[in-house]
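Notes to accompany the following structure.
The values are calculated or read from the model by the stated rules, or taken from the named source; none is laboratory data. Predicted model, so just to flag it, every value in this text is computed and none were measured. Here Cβ is always computed from backbone atoms with ideal geometry, including for glycine, and neighbour counts include all displayed protein chains. With ligands, DNA and RNA removed, areas are computed over all heavy atoms of the protein, side chains included. Shrake-Rupley method; radii C 1.70, N 1.55, O 1.52, S 1.80 Å.
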Amino acid sequence: MASENAAKIDPAPGPGLRIPVHLGVIMDGNGRWAKAKGKRRTEGHVQGVQSLRNVVEYCIKFGVSYLTVFSFSSENWARPADEVSFIFGLLRRFVVSDLQRLIRNNVRIKIIGARKGLEPSLIRLIDEVEAKTANNTGLVLVVAFNYGARAEITDAVRSLVADAVAGKIDPASIDEETISRALYTREIPDPDIIIRTSGEQRLSNFLLWQSAYSELVFVPENWPDFDETSFVRVLETYAMRDRRYGGLGAGGS
Ligand code: IPE
Ligand code: IPE
Ligand code: MG
């Protein structure tokens, strides 16, 4: 586990592993991790942030180019207000405490999700970290915060329809590329793998459009327990998958 002042991480991909360009993670099970240890749910979220730090380091070490993490969904507002505000506080603290180390490690940060409904000071912080890391050329860390795929697609439809009504685009010219470019994830390739921890096997409104051909990997451990061994196991699982995209794939039969 790296301290705040850890040295730069050198990329060192393991032999025989297939490295995804883009890894998506549904970081689930913080509450159950805490409950199993007789702790408060909030303690699980704190440990979850440590797991996130670790996974950022594994991605750098193994040469993953994009890491998208689901940290708060549009539907998570349904939780008790004190849990919601704790999670928001954690995000702020993570950004403030880790920014310098992320910059040192050449990480570019992008935050996707609805800005509407967020406090102006939080929006300023988000803009600031994106701006301060905009010129970094290493891992792109995409934090899905206040994110819901259906809301994202709805926003995209609204803006495309507005452009069509204003005569800026011809509806007949709208294709899949147009829609991809209207999403928060424009300029980010689709995820090769989506991991969900905690044994749940659903997407819960994460990257629905972008995951059309992602390899889904469900692992039993809760997010705070997800370590380098878990990470390598996911890469091994991915290496065994045959991505066919509707065609015949590597085997050809
Ligand atoms: C994931 O852990 C973190 C968020 C959704 C913010 P949970 O808080 O969902 O943990 P469980 O699923 O209740 O165990
Ligand atoms: C998905 O987890 C959202 C995040 C990990 C941020 P949830 O715990 O909210 O999902 P459900 O409610 O079990 O589907
Ligand atoms: Mg959950």
- May I have the pair-distance distribution P(r) for the chain, computed from all Cα-Cα distances with 10 Å bins from 0 and rounded to whole percent? 6, 29, 36, 21, 7, 1
- Simple spin-label model, 7 Å along Cα-to-Cβ: W77 to E128 in nm? 2.5
- Task: Enumerate the amide H contacts of L216 below 5 Å, restricted to partners 5 or more residues apart or on another chain; note that Pro and chain-start residues carry no placed amide H.
- Result: I194
- Message: Residue by residue through the range 195-212, what is 3J(HN,Hα) from phi via Karplus (6.51 cos²θ - 1.76 cosθ + 1.60, θ = phi - 60°)? Round to whole Hz and write x for glycine and proline.
- Response: 9, 10, 8, 6, x, 6, 10, 7, 8, 6, 6, 9, 6, 5, 5, 6, 8, 3
- Note on the structure: Excluding residues fewer than 8 positions from K116 in its own chain, the aspartates and glutamates with Cα under 13 Å of it are E152, D155
- Message: Distances longer than 17 Å among the Cα atoms of the range 86-135: what percent of all pairs is that?
- Response: 31
- Task: Could you run the Karplus curve 6.51 cos²θ - 1.76 cosθ + 1.60 with θ = phi - 60° over the range 183-193 and give me ³J(HN,Hα) per residue in whole Hz, x for Gly and Pro?
- Result: 8, 4, 8, 3, 6, 10, x, 4, x, 7, 10
- Query: So between K37 and V21, what do we pick up on full extension, going 0.36 nm a residue minus the alpha carbon distance?
  - Reply: 2.2 nm
- Run the numbers on the chain and let me know its relative contact order in percent, using alpha-carbon pairs under 8 Å that are six or more apart. 27
- Query: For the chain, modelled as a Gaussian network with Cα springs under 10 Å, which listed residue fluctuates most, D98, D82, D28?
  - Reply: D82
- With an 8 Å cut-off on Cα pairs and a minimum separation of 6 or more residues, tell me the relative contact order of the range 10-82 in percent. 46
- Item | Heavy atoms of S85: accessible area, 1.4 Å probe, square angstrom to 10 | 70
- Note on the structure: With the 8 Å Cα cutoff and a minimum separation of six or more residues, the range 88-137 has a relative contact order in percent of 50
- Under 19 Å from the Cα of K37, which aspartates and glutamates turn up, not counting those fewer than eight places away in the same chain? D28, E83, E221, D225, D227
- Message: With +1 assigned to the C-beta of every Lys and Arg and -1 to the C-beta of every Asp and Glu, and no other charges, what is the dipole magnitude of the chain about the Cα centre in debye, to the nearest 20?
- Response: 520
